[in-house]
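Please treat every number below as a calculation from the coordinates, not as lab data. Being a predicted model, the structure only gives us computed values, none of them experimental. Methodologically, a virtual Cβ is constructed for each residue, glycine included, from the backbone with ideal geometry; neighbour enumeration extends over all protein chains shown.
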Amino acid sequence: MAKLVIRRLIYMVPTMFAISVVTFLIIQLPPGDFLSTYIAELSSRGDAVDTRLVEALRERYGLNDPIYVQYYQWISHIVLQGDFGDSFLYRRPVADLIWNRLGLTIALAVATLLVSWAIAFPIGVYSAVKQHSAGDYAFTFIGFLGLATPNFLLALIFVWISFNYFGQSVGGLFSPEFADAAWNLGKVLDLLSHVWVPVLIIGMAGTASLIRVLRANLLDELRKPYVTTARAKGLPEWRIILKYPVRMALGPFISTAGWLLPSLIGGEVLVSIVIGLDTTGPLLVEALISQDMYLAGSFILILATLTVIGTLLSDLLLAWWDPRIRYAEG
Amino acid sequence: MRAGERAAEAGGAPAAQAGGAPGAPGGEVLVELRGLKTHFFTDEGTVRAVDGVDLEIRRGRTLCVVGESGCGKSITARSILQLVEAPGRVVDGRILLRRGGADGGPGEVVDLAGLKPGGKEIRSVRGKDIAMIFQEPMTSLSLVHTVGNQMVEAIRVHNDVGKREARERAVELLGMVNIPNPGRLVDSYPFQFSGGMRQRVMIAMALSCDPGLLIADEPTTALDVTTQAQIMELLKRLQRELGMAIMFITHDMGVVAEMADDVAIMYLGKVVEKGPVDDIFHDPKHPYTRALLESIPKIGHRRRERLRSIKGIVPDPANRPAGCVFHTRCDAFMPGRCDATVPPPVALGPDRQVRCLLYGGDGGPAPGAPDAQTAAPEPTPESSHGD
Amino acid sequence: MAVRQLPPDQPAGTAPIEAAAATDGGVAVAPQWKLVWWRFRKHRLAMVSAVFVLLFALVGVFAEFLAPTTPDSYSADHTYAPPQGLHFVDTSGGGTRFGPYVHGYTSVRDPETLARVFQEDESQRIDVGFFVRGEPYEMWGFIPSDRHFIGPTDPEQRVYFLGADRNGRDLLSRIIYGTRISLSIGLVGVALTFVFGIVLGGVSGYFGGRTDTAIQRVIEFLMSIPTIPLWLGLSAAVPRTWGPLETYFAITVILSVIGWTDLARVVRGRFLSLREEDFVLAARLDGCSRPRIILRHMLPSFSSHIIASLTLAIPYMILAETSLSFLGLGLQPPVVSWGVLLQESQNIRTIATAPWLLLPGVAVVVAVLVLNFVGDGVRDSADPYR
Ligand SMILES: Nc1ncnc2c1ncn2[C@@H]1O[C@H](COP(=O)(O)OP(=O)(O)OP(=O)(O)O)[C@@H](O)[C@H]1O
Ligand SMILES: [Mg+2]
């Protein structure tokens, strides 16, 4: 197992390198460098442009250097000093802006993942075991609907319903009195009373596809000969199902974390804009629209890194779960 | 081979083993199928996979069920344990199991066909009175549970023993089926085993509750020839030691000659001929049986002669021919009779039965065996005595 | 082997089918696509959905004619006018008159918010007709006309079956025009995906070895990047100065650059298994060139799988475009797509006053749903024994 972990960690290095290059390219993509955008904006507002400041910034980001030097400067600042550059929109270091929001985003994504699994597991097992029952059809239809509805639309509908029927605008993760309070039990409870709304909205599509994955895999597994063997031993049906086919079908289920996590993070971006959460979403979109590329690039880099780590964790979980992988690679 | 050798064994052994009820030549009947019908209700129509099968399996003896692919052998076997999956269902007939009574006690007779699949009663039969092993040793075991785990589970369903005790029993069983170093391998996973080893594990698992009947559904088909022979030897040895009955399903007449005490030939969901192995090999009656026998390669004799294969293909079971189901491929086809009348069973001896109009059954002229023998020349099993 | 157990994937012309054909009439000799079609017809849900897909396609193609007006025709007097119900029988004023009509509006200004509040005015009657004259347009950009499938008989009047937006533009007309853009993004995007996927997946699967490994690594890498931030980043990099058409293609390319990996995997998997099959070997021994083998023998035998994958990819493209445009990072007004329309409902006040602005979302959901059903149906028919 230790060998497996080390091998996977080594695999991560080229992936991370490639991600950082892609991110850097995205930062560089908008025509002109960000300083010219900055200067253009200053002059359009009629502010005086401080040429010395501009020169200093040019120096700081090495804008006069060849592109690979610029990349090296950028990535080494991040890796060695945790310096992600400055946001010209907020005129503050990116690092000051993002960590709080990232914490919430990660918490939200992980919570959503767990809730999705918790909901999808019993429904998926039920739908497969009781294939063609009324319940199966109902869940399948709801699942299709969940997959077809973009989660921001779900959020919009939710906002509309709560505004219309409960006369209040919902949103945020905290009640106003807790928003700026320090963390204490009350704040945690307040968070819990708010967080289920975004969790359910963000998790809808993911849960629907989890149910489909589990149901399809379990249906395949239920027809396998080893299930018949277990039946021929005289075991009760529910024990057979939980011990053998469900166990097998959970493998693909676990590896869904690899792609579910990125899509949850993506969904979070959209949903948090609609229901006004202080997570990465609104800031990322704001940064992208105003082409505040260091801010946006940092988000993309970190979110991508988190995804890779999530995939790694789900791979390891899978290896722990399935002895065949453990023995083949261990 | 071997039919000759078998004759000695078939004649001598059972009496010694079972010491069965007087009058019955091969021991007391353990399981008896009467008019068993298992149908699949598919979108395309009803598939009559098993359509009125009568069989009897005797204590301590081996019944081989033979037939081409798709003729309903596996479904028959599964029906006995109510293991047929939807859309299939046992629709008619009786499956009588004699429980207890082996030691001269009174015993009781249960009709398994009446039990609910998955219900408590049938579960108490599965694995305990009747155990089953399957064709695919690769997929018949769970690959993510250790061998020990799966065996301990099988032992503990029917026996009130602790985990340690069950584990010791599992190691002992693995040793019995010639698994080397059973104390260590009990903790490995099936994917670390070869196909032959897995089939041994399956056998060990099936024996864990001392079943009176072991159903083996083509247990050697997926294995190479050497392993095949080893597994068959193993089964014969275990049968000698434990005295269980075996229902052995195969489509290989060579294997039949090796294993069987009794033989049942199946075609399209019906038993067309059954009887003791020597009678079947020396004096096959049904044209289908003859055709099957002609398709065995014979060692040392007329080497360059081509093997005969049965002409045509098995008809679609959803769309079975009228009258005798074999008439579309039969060499002795009698127009106007075979395609009109379903042949009833004709008894040719105490344990011998055939379903063919050549031997009467529709009230028409029964030219009897002689005619048939000219139509399909007698195979010469004696000629296989070359080795 | 019984006839009904013939593997369905067996391409026509191989031996078992010909042998079976002798005993079993037409069924076994039917070409692959016909077998797929027979099985598809049995999926009732997929068939109904296919009809819906066809309707969507027709709406997209004949948008100009079907819409009551043009998407940009505005009316300052009708800001957020609510939907008007269509009536058929008029019993007011004594007699009974038949024929479709809607009621007009009376509007008052809310003294506090200064917003217009509309009420249906039962006394006003605006007749609605079919094939009426109205706002002039150019069909497909080159056939000038002013006939509309449905609209007010009096061209001076305005009707809002699904309500109006902030500028008093007709939402129904905009959704109809949006259908064209949103569906075509799906189609064009999938076509690009198809090219990427087929070429790279085919090359990977056919040649195997080192080529395969390299392409697989790239695919794995692309799949490990979270798509939405990447989409966002790339779309944000599209210059704001680009025209609508350029943006349209840029967005489509971005969507498919990231989306081709799945299809490539499917194609590769099928190629790998097909490579081993007898008829490919036979063709090779016959001296067919490689491209010819790929085109003539390998592609047709799994085209139905590809069609299934493609059908299932279209809804994802549509969803992705909708999300991007909703955020303001995809298509930009004046281009009308479902996502662009939904962008208007981003804030709570708007939804509260004009909930009908969420209706383009219904179009998205229905389109994605029926495309998914059709895709599932095709996949099941292509590969029923999977
Ligand atoms: N799930 C099913 N649905 C419909 N028909 C089935 C199903 N399972 C089996 N059958 C039908 O039952 C018939 C008998 O099947 P069975 O598995 O008993 O054949 P077999 O004699 O064991 O063949 P083989 O030697 O290939 O194992 C088959 O021809 C098949 O058409
Ligand atoms: Mg079988």
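Here, region A:102-329 is characterised by an Rg to Rh ratio of 1.04, where Rg is the alpha-carbon radius of gyration and Rh the Kirkwood radius.
Rounded to whole Å, the principal axis extents of the Cα atoms in region C:76-167 read 48, 38, 18, largest first.
Of the residues C:ILE181, C:HIS103, C:PRO144, the one whose Cα sits farthest towards the positive end of the charge dipole of region C:97-187 is C:ILE181 (charges of +1 on Lys and Arg Cβ, -1 on Asp and Glu Cβ, taken about the Cα centre). Mean partner shielding of peptide B:286-294, defined as the number of other chain Cβ atoms within 10 Å of each residue Cβ, is 0. Under a model in which nothing but the beta-carbon of Lys, Arg (+1) and Asp, Glu (-1) is charged, region C:76-167 shows a dipole of about 140 debye around its Cα centre. Checked against a 20 Å cut-off, the cross-linked pairs A:LYS130/A:LYS243; B:LYS128/B:LYS270; B:LYS37/B:LYS116; A:LYS224/B:LYS116; B:LYS73/B:LYS120 give Cα-Cα distances beyond that limit for B:LYS128/B:LYS270; A:LYS224/B:LYS116; B:LYS73/B:LYS120.
Under the criterion of Cα pairs below 8 Å and six or more residues apart, the relative contact order for region B:140-252 equals 27 percent.
Residues A:LEU97, A:LEU185, ranked from the fewest to the most other C-beta atoms within 10 Å, line up as A:LEU185, A:LEU97. Between the listed residues A:LEU97, A:LEU288, A:VAL246, the Cα displaced farthest toward the positive end of the dipole of chain A, a dipole computed from Cβ unit charges relative to the Cα centre, is found at A:VAL246. Comparing B:GLY254, B:THR227, B:MET244 along the charge dipole axis of region B:224-280, the residue lying farthest to the positive side is B:MET244, per the Cβ-charge model.
Arranged from highest to lowest average of other beta-carbon atoms within 10 Å per residue, in what order do the peptides A:80-87, B:261-268 appear?
Per-residue Cβ counts within 10 Å, averaged per peptide and sorted highest first, yield B:261-268, A:80-87.
Per residue, the average separation of C-alpha pairs within less than 8 Å and at least 6 apart gives region B:29-273 a relative contact order of 29 percent. Taken about its Cα centre, chain A carries a charge dipole of about 1900 debye when Lys and Arg each add +1 at the Cβ and Asp and Glu each add -1 at the Cβ. Fewest neighbouring Cβ atoms within 10 Å first, the residues B:PHE191, A:PHE163 line up as B:PHE191, A:PHE163. Kindly state, to the nearest 0.05, the FRET efficiency for B:SER295 paired with A:TYR327, given R0 = 56 Å and r defined as their beta-carbon distance. The formula returns an efficiency of 0.85 here. Relative contact order, whole percent, for chain A stands at 26, derived from Cα pairs under 8 Å and 6 or more residues apart.
Could you estimate the translational diffusion coefficient of region A:216-330 from the Stokes-Einstein equation, with Rh from the Kirkwood formula over C-alpha pairs, at 10 °C and 1.306 mPa s, in whole µm²/s? In µm²/s, the coefficient rounds to 92.
For chain A, the 222 nm mean residue ellipticity estimated from helices alone, with every DSSP H stretch of n ≥ 4 adding -39500 (n - 2.57) and the total spread over all residues, rounds to -26500 deg cm²/dmol. Here region A:208-281 is assigned +1 on the Cβ of each Lys and Arg and -1 on the Cβ of each Asp and Glu. Its dipole about the Cα centre then comes out at about 640 debye.
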